[in-house]
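Enquirer: I am attaching a structure below and will ask some questions about it afterwards.
Nothing in this text is a laboratory measurement; each read-out follows from the coordinates by a stated rule. Keep in mind that this is a model prediction, so the values were computed, not measured. Ideal geometry is used to build each Cβ from the backbone, glycine not excepted, and the neighbour counts take in all protein chains shown.
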Ligand code: GRF
């Protein structure tokens, strides 16, 4: 199999459970790639503690109290220095600049807690509950300039129960997110994801 060890950078803003799923996936041998750095726009977040514990380099590029453009420039410079093969947005709460997306075209993926294109943006679980849908899920997708609009790599579904609250649904979805993210990174490291316009095709044999 034509697998490639990817230099992965994970961008975070908070809890970091999806980062943890990647760390665990690597430690368990499900993935051959390496998370070489975790970059946060906030200091003192749990994601950075998780990275430190795993011996991964941590970087903070603060977004607070500075013009958006300056933050975007600093972020692009910091990530470029790391020469990543793959950038994973795992609960990163900032919009990437068009320059960033162009520089790392088709190298950025995001995990979103809904079946895109349904319920993009914030509070996707609440959006699903408010809409009264019976099934939602999570999506791993390439990042383009839109909000949660890039080509879908994979999705997992989750049925909504009558008794669900935002908390109970989010908790079940999060477990699916963790599996989906590791699976998506595995597909990419095995060179099985082929982009064709807005679609991705999954190759059986690389
Ligand atoms: C996840 O629900 C993810 O889908 C969304 O933000 C949340 C991040 O959670 N983009 P965590 O920080 O990975 O625990």
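Enquirer: Considering only C-alpha atoms, what is the centroid distance from region 87-160 to region 166-206, in Å?
Expert: Result: 11 Å between the Cα centres.
Enquirer: Over the Cα atoms of the chain, what radius of gyration and what Dmax do you get, in Å?
Expert: 16.5, 49
Enquirer: Would you calculate the separation in nanometres between label points at residue 27 and residue 126, each defined as 7 Å from the Cα along the Cα-to-beta-carbon direction?
Expert: Spacing of the two 7 Å Cα→Cβ label points: 3.3 nm.
Enquirer: Which one of 131, 21, 180 has the biggest mean-square fluctuation once the chain is modelled by GNM with Cα springs under 10 Å?
Expert: Ranking 131, 21, 180 by mean-square fluctuation puts 131 first.
Enquirer: Grab the eigenvalues of the alpha-carbon gyration tensor for region 54-144, scale each by 5, take roots, and send me the semi-axes largest first in whole angstrom.
Expert: Three semi-axes, in Å: 28, 15, 13.
Enquirer: Tell me, Kirkwood radius of region 120-206 from alpha-carbon pair distances, in Å? Each step should come with its number before you reach the end.
Expert: On the way: mean 1/r = 0.0709 Å⁻¹.
Kirkwood radius, region 120-206: 14.1 Å.
Enquirer: Please compute the contact order of region 54-190 in relative form: average sequence separation of alpha-carbon pairs under 8 Å and at least six residues apart, divided by the residue count, as a percent. If you can, show how the numbers build up before the last one.
Expert: Numbers: 172 pairs, mean separation 25.7, N = 137.
It rounds to 19 percent for region 54-190.
Enquirer: Once the Cα atoms of region 1-43 are picked out, what are the Rg and Dmax in Å?
Expert: Looking at region 1-43, its Cα Rg and Dmax stand at 11.4, 40 Å.
Enquirer: Another question, if that's okay. Please say if region 119-160 is rounded, prolate or oblate, where rounded means a/c under 1.5 for a ≥ b ≥ c the square roots of the C-alpha gyration tensor eigenvalues, and otherwise the choice is prolate for a/b larger than b/c and oblate otherwise? Kindly include the intermediate steps, with their values, before the conclusion.
Expert: Numbers: a/c = 3.49, a/b = 1.55, b/c = 2.25.
Taking the square roots of the gyration eigenvalues as a ≥ b ≥ c, region 119-160 is oblate.
Enquirer: So how do 183, 49 line up by other beta-carbon neighbours within 10 Å, fewest first?
Expert: Values: 183 17, 49 12.
By the 10 Å Cβ count, ascending, the order reads 49, 183.
Enquirer: Another question about this same structure. Just want the ordering: 202, 11, 174, from fewest to most Cβ atoms lying within 10 Å of their own Cβ.
Expert: Working: 202 11, 11 27, 174 17.
Starting with the residue having the fewest Cβ neighbours, the order is 202, 174, 11.
Enquirer: Pick from 43, 164, 85 the residue whose mean-square fluctuation is largest in a GNM of the chain, springs joining Cα atoms under 10 Å.
Expert: Between 43, 164, 85, it is 164 that shows the largest mean-square fluctuation.
Enquirer: Now, a different point. How large is the Kirkwood hydrodynamic radius of region 1-81, in angstrom, based on all distinct alpha carbon pairs?
Expert: 13.4
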